[in-house]
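The values are calculated or read from the model by the stated rules, or taken from the named source; none is laboratory data. Owing to the predicted nature of the structure, the values given are computational and were not obtained by experimental measurement. Please note: Cβ atoms are built from the backbone with ideal geometry, for glycine as well, and neighbour counts cover all protein chains shown. The accessibility values were calculated without ligands, DNA or RNA, using every heavy atom of the protein model including side chains. Shrake-Rupley method; radii C 1.70, N 1.55, O 1.52, S 1.80 Å.
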Amino acid sequence: MSSTTLSPPAQKREELADKLAQGVAALRDSEEFKRYLDVAARFHSYSFGNQILIGMQCPDASRVAGYRTWQGMGRQVRKGEKGIRILAPRPWKEHRDGCVRGKCDCPDGGVGFATVSVFDVSQTDGDDLPAITTDLAGDDAGLWAGLASITSEEKLELDTDPDHNHGGAHGYYAPRDSRIWVDMKRPPAHRAATLAHELAHYFTNDDKPCREEGEIIAESVAYIVLGHFGIDAGDYSFGYLASWDTDDAKQFKAQLGQIQKTAATIIDRLEEAN
């Protein structure tokens, strides 16, 4: 469809989507992003259970790794810092009598778990880690109140309890609990972007996108919603999407219809309330 046939609001959303795609592509071509990927590859993806353990022991944790992993990135755990205890898998084998351990063909036994210590970046000193996102600074232009109203209208609980943080998340949508959690320690504009992101997850949940698709849709929707109301979320959205979108423009274009539809749903609801 030619952009000349679109209504002004739809054309504005299309222009924002184009700007988003261009910003992500430019970032992915940068040397800073390549350095970021090199460092990011050294961090583990922790299970939900370990995220809970991390959050209980260090609610403000953001980047967590083992002692030697931090050393490999040019950072040192400070003397006296207390480790965050998590569970790590430990495979074991059943050995027959007389076999030579490590040189046998005994059947696999199973996997057990042992407690190990990890440390948050705040417990270390050393080389700066590359960052491709920054929190959105500034006012929310009234978007938080409008998005919170939509959350309430949809019978969702808006949870702001800091004790419910999961491994340094900015926010999350819990479908089973009909609940959205948002980190209120972030700046106002960033909180609004996070709530728009989580509402996008809610509105697309029935479509059951895979995790990567879901994150691309949700953050793109948040960027368009904030952009529609005059807030440039590129400082965060470009980097966030670049870290997820492994197939560049192809992945983004494949989800564009859902992105535009969901953004329009949220924007229309916000404008109807004014």
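Report yes if ALA145 is modelled with pLDDT of 90 or more, among the hydrophobic types (A, V, I, L, M, F, W, C) and touching a Pro at 6+ places or on another chain (Cβ under 6 Å), otherwise no. It is false that ALA145 is modelled with pLDDT of 90 or more, among the hydrophobic types (A, V, I, L, M, F, W, C) and touching a Pro at 6+ places or on another chain (Cβ under 6 Å).
How many residues are more than 12 Å from HIS197 (Cβ to Cβ) and either among the small types (Gly, Ala, Ser) or surrounded by 19 or more Cβ atoms within 10 Å (Cβ to Cβ) (or both) if we restrict to region 144-180?
Start the filter on region 144-180 by keeping residues that are more than 12 Å from HIS197 (Cβ to Cβ), which leaves 144-146, 148-168, 174-179.
From what is left, the residues that are either among the small types (Gly, Ala, Ser) or surrounded by 19 or more Cβ atoms within 10 Å (Cβ to Cβ) (or both) are 144-146, 148-152, 156, 165, 167-168, 174, 178.
The total comes to 14.
Taking the conditions (1) in contact with an Asp or Glu (Cβ under 6 Å, 6 or more places away or on another chain); (2) over 22 Å from LEU37 (Cβ atoms) in turn, GLN251 satisfies each one other than (2). How about region 219-274: which of its residues are modelled with pLDDT of 90 or more and not in a helix (DSSP H, G or I)? Within region 219-274, PHE229, GLY230, ILE231, ASP232, ALA233 qualify. Residue count for region 29-81 under the criterion of being open to solvent by less than 60 Å² (accessible area, probe 1.4 Å) and charged (D, E, K, R): the result is 1.
For region 148-170, state whether one or more residues are closer than 21 Å to TYR202 by Cα, touching a Pro at 6+ places or on another chain (Cβ under 9 Å) and among the small types (Gly, Ala, Ser). Yes: region 148-170 contains one or more residues that are closer than 21 Å to TYR202 by Cα, touching a Pro at 6+ places or on another chain (Cβ under 9 Å) and among the small types (Gly, Ala, Ser). Under 7 Å by Cβ, and 6 or more places apart or on different chains, what pairs join a residue from region 220-241 that is among the small types (Gly, Ala, Ser) with one that is part of a loop (DSSP other than H, G, I, E, B) and modelled with pLDDT of 90 or more? Hits for this filter: ALA222/ALA233; GLY227/ALA233; GLY230/ALA141; ALA233/LEU136. Quick check on region 179-188. Is at least one of its residues of a type in the set (A, V, I, L, M) and assigned to a helix (DSSP H, G or I)? Checked region 179-188: no residue is of a type in the set (A, V, I, L, M) and assigned to a helix (DSSP H, G or I).
Within region 9-27, residues that are touching a residue at least 40 places away in the same chain (Cβ under 8 Å) reach partners that are open to solvent by 60 Å² or more (accessible area, probe 1.4 Å) with beta carbons closer than 7 Å, at six or more positions or on different chains, in the pairs ALA25/ASP248.
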